[in-house]
Amino acid sequence: MRHFSTISELHRANNYRPPENPLISLIRCDKGNSCPIADSEFTSDFYMIRLKKTKSGTYKNYSALSFAGPRQVVEIRGIETEENGLTIYFHEDLLIGHPLRQVIGNFSYFDRDSYEAMRLSAKEEQIIWELFNKIESECHSNQDEYTRGIMLSHIESILKYAQRFYKRQFISG
């Protein structure tokens, strides 16, 4: 099984262009940027947040949010994605000295298998896209001493919203 120590290694292996920041990668899949996901299995030294709309595989025809943590096995098999999707990879070193490092272990979905995905409503998907767009805008701007903190704040917001979305699945109404 392949292990990626850096995000740059992952990019090279998948023929992506080099990341603008070696500690974070934002991959957008849309009409202009196809993101085929080949069958693969790997581990890494970074976190992964992925939102995808699938047209085949276990989670068919809806938006699914999935997570993986450092050194967790990520297994992708038999999935074809629709046009819109996103992936955020962030290296565990990005968290050094930031409060998120102390609490990221509290988000239990990083302990699940990477193929376990959380189904999202259209409204929930929109929230994730808005936060991704803010991270992307910050990452592509002239980076300064505030950039890292702002990006991590938006990532933490995604994690908190995901916790809310996960818990709402168990609320009977």
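The values are calculated or read from the model by the stated rules, or taken from the named source; none is laboratory data. It should be emphasised that the depicted structure is a prediction, and the values quoted were computed from it without experimental measurement. For neighbour counting, all protein chains shown are included, and Cβ atoms are generated from backbone atoms with ideal geometry for every residue, glycine included.
Pull up region 1-39, narrow it to residues that are closer than 17 Å to Glu136 by Cα and loosely packed, with under 15 Cβ neighbours inside 10 Å, then point me to the one that is modelled with the lowest pLDDT. If we take residues in region 1-39 being closer than 17 Å to Glu136 by Cα and loosely packed, with under 15 Cβ neighbours inside 10 Å, then Gly32 is modelled with the lowest pLDDT. Kindly indicate the residue of region 148-173 that is closer than 30 Å to Glu20 by Cα and charged (D, E, K, R) and also nearest to the chain's Cα centre (by Cα) among those meeting that condition. The qualifying residue nearest to the chain's Cα centre (by Cα) is Glu156. Does His154 qualify as being at pLDDT 95 or above, outside any helix (DSSP H, G or I) and either surrounded by fewer than 16 Cβ atoms within 10 Å (Cβ to Cβ) or touching a Leu at 6+ places or on another chain (Cβ under 8 Å) (or both)? So His154 fails the test. The one condition from (1) surrounded by 14 or more Cβ atoms within 10 Å (Cβ to Cβ); (2) assigned to a loop (DSSP other than H, G, I, E, B); (3) of a type in the set (A, V, I, L, M, F, W, C) that Leu94 does not meet is (2).
Would you mention how many residues in region 43-78 are modelled with pLDDT under 65 and part of a loop (DSSP other than H, G, I, E, B)?
9
Only one entry of Gln143, Gln102 meets the criterion of being surrounded by fewer than 16 Cβ atoms within 10 Å (Cβ to Cβ), at negative phi, part of a helix (DSSP H, G or I) and not basic (Lys, Arg), and that entry is Gln102. Pairs are defined by a Cβ separation below 6 Å, a sequence spacing of at least 6 or placement on different chains, a first member in region 138-158 that is closer than 15 Å to His98 by Cβ, and a second member that is surrounded by 11 or more Cβ atoms within 10 Å (Cβ to Cβ) and of a type in the set (S, T, N, Q); the pairs so defined are Glu138/Thr147.
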